[in-house]
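Notes to accompany the following structure.
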Amino acid sequence: MPATKPVSTSPAPDQIGATALVDEGMRIVKAQLASARVLPQSIWETQFAMVSEILAFMGRRMQAQAEFCARLGDCREIAQAVDAQQDFAKGVSGAYTDEAERLSTLARRNMDAWTGVGAQYVSGWTGTKAAA
């Protein structure tokens, strides 16, 4: 019967660097996750509202683009294609103007949430530290 080699649990010399790299990466991820837990709910809500609005806007623009392409496909004369292009361009400018207003409102809410968190942090820090 052939003899079996004993199994070693220690890494080979060429794997030590890779193992240390993975360990360091996991340490960083754990630290990031720990810091994410301390963010107040208002910060998460404003961040997700912003992302949600941007994705919804992208969806609306894609839908409008698809409708425009379908309308162009139905054109039989150049004048119809020009009219379709003009209508689409008017809609685009209005859509981006409206979206800029919505995102501006969300950005103000986001800034207010961060300002509130900063004020809480500073008041908590100065309340526990002696004045220099």
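Laboratory data are not the source of any read-out in this text; all were calculated from the coordinates shown. Owing to the predicted nature of the structure, the values given are computational and were not obtained by experimental measurement. Here the Cβ is made from the backbone with ideal geometry for all residues, glycine too, and neighbour counts use every protein chain on show.
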How much FRET efficiency would the formula 1/(1 + (r/R0)^6) give for residue 102 and residue 44, where r is the Cβ-Cβ distance and R0 is 22 Å, rounded to 0.05?
0.70
Extension reserve of the residue 78-residue 52 stretch, reckoned as 0.36 nm per residue once the Cα distance is removed:
5.5 nm
